[in-house]
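Have a look at the structure below before the remarks.
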Amino acid sequence: MSTTENLEFNELEGNAAQADGVPREEVAETPRPPSNAKELEAVYDIPVQVSAVLGKATMQVSQLLKLGRGAVVELDRKVGEAIDIYVNNRLVARGEVVVVDDRLGVTMTEIIKMDRS
């Protein structure tokens, strides 16, 4: 291999070019998750919607229109079963209903990890 060929190879390698001499696209680095609370300060004031779903029921509109005061709608959950906790309509945790003073609250018992794909 001559010095010229070696130099061209090194130039191509150094400039991230393909064999045809056209530069490859820059590969974007995968963002790393924040490692401390200071890095999250920018998002502290962003409002999110938190929903706690006790259960769900499916019914026809005609059944819905027949509901009146005191009607009971049977949900798909059993007593003591975990409830779903959503943030911005995305399931993030499961938990239990608790009473705090005169109000209902939710305590998280399980964090749901979702794949980011």
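On the stretch given as region 32-52, residues that are assigned to a loop (DSSP other than H, G, I, E, B) and farther than 28 Å from Leu104 by Cβ total 5.
Across region 60-117, the number of residues qualifying as assigned to a loop (DSSP other than H, G, I, E, B) and surrounded by 12 or more Cβ atoms within 10 Å (Cβ to Cβ) comes to 5. Pick from region 82-103 the residues that are charged (D, E, K, R) and touching a residue at least 12 places away in the same chain (Cβ under 8 Å): which of them is nearest to Leu54 (Cα to Cα)? Looking at residues that are charged (D, E, K, R) and touching a residue at least 12 places away in the same chain (Cβ under 8 Å), I get Asp84. Would you call Gly55 assigned to a loop (DSSP other than H, G, I, E, B), at pLDDT below 95, of a type outside the set (Asp, Glu) and surrounded by 10 or more Cβ atoms within 10 Å (Cβ to Cβ)? So Gly55 fits the description; yes.
The values are calculated or read from the model by the stated rules, or taken from the named source; none is laboratory data. All figures in this text were calculated on a predicted structure; none of them were measured in a lab. Note that we place each Cβ from the backbone using ideal geometry, even for glycine, and neighbour counts take in every protein chain shown.
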